[in-house]
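Below is one structure, written out as structure tokens, with a few remarks after it.
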Amino acid sequence: MIEKYQIKEIIEQQICVPVIPSMKQLEKFIETDLLICLFQDIHISLLENMIRKIHECNKLALVHIDMIHGISVDEYGTEFLCQRLRADGIISTKTKIIETTKKNKKISVLRVFLIDSKSIERGIETILKSQPDLVEVMPAIAYRIIPYIESRISIPIIGGGLLKTIDDIREGLNAGCIAFTVSDLNLCNMIHDAQKEEGIQ
């Protein structure tokens, strides 16, 4: 059984966490050396089988509950994902979801959107109130604001959204992100290979 702290370490070691929206993409992910993925835009009826397949391959699954079709985005839906489907972690924009995930001893990731100055301050307040294990900042290409957020919180930051190239990843790392959620599995593989061979600086 992989402990919560180990999942955080794996996320730090695997710079890119691929977003998996279908069984076809899941099969491709399973063939890679990557250890952790994010499920979203999936119907709840498929999710149990997908998480089971992940665990059979000794890999890990985060679930973005706000973007799973057919499940209540509340404490009950979170408990179902954690206890019944055995998701390894939950991503959400809602503090109640984060609190319930933590109670279930799963990795909690609060997603925060950077739209304007007010949303940044509101996001920081929400982070400080809910104390998630990780914070996902979107869009990740808003590099210049990451150091400011990092200075206000003591929680690791991952970036998500609009990442297209290895240079985007480098910029995000330099700004203070430890990892990224990326929809392009090929980009994740390319960066993971580069990370193993030479490191990404």
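Among Ala140, Ala175, Ala87, the largest mean-square fluctuation in a Gaussian network model of the chain (Cα springs under 10 Å) belongs to Ala175. The lysines within cross-link reach of Lys129, meaning a Cα-to-Cα straight distance under 26 Å and a gap of 8 or more places when in the same chain, are Lys4, Lys8, Lys94, Lys96, Lys102, Lys103, Lys105, Lys106, Lys118.
Isolated cysteines in the chain, defined as those with no second cysteine Cβ under 4.7 Å, comprise Cys37, Cys57, Cys82, Cys177. Could you give the length gained by full extension between Met23 and Tyr76, i.e. 0.36 nm per residue of separation minus their alpha carbon distance, to one decimal place? In short, 16.5 nm is gained.
Counting Lys and Arg as +1 and Asp and Glu as -1, each charge on the Cβ, what is the dipole of segment 4-197 about the Cα centre in debye, to the nearest 20?
Values: 24 positive and 26 negative charges, 106 e Å.
The dipole of segment 4-197 has a size of about 520 debye.
Only Cα sites of the chain enter the Debye sum here, all with the same form factor; the resulting log10 I(q)/I(0) across q = 0.10, 0.18, 0.19 1/Å is -0.37, -1.29, -1.43, listed in q order. A helix-only calculation puts the chain at -13000 deg cm²/dmol for mean residue ellipticity at 222 nm, using -39500 (n - 2.57) for each DSSP H run of at least four residues, averaged over all residues. Along the charge dipole of segment 4-197, which of Ile36, Thr95, Leu185 sits closest to the positive end, that is, farthest toward it, with unit charges on the beta carbon of Lys, Arg, Asp and Glu (+1, +1, -1, -1)? Most positive-ward Cα: Thr95.
Values quoted throughout were computed directly from the atomic coordinates according to the rules given, and no laboratory measurement underlies them. In this text the structure is predicted, and so the values were computed from the model without any measurement. We place every Cβ from the backbone using ideal geometry, glycine too, and count neighbours over all the protein chains shown.
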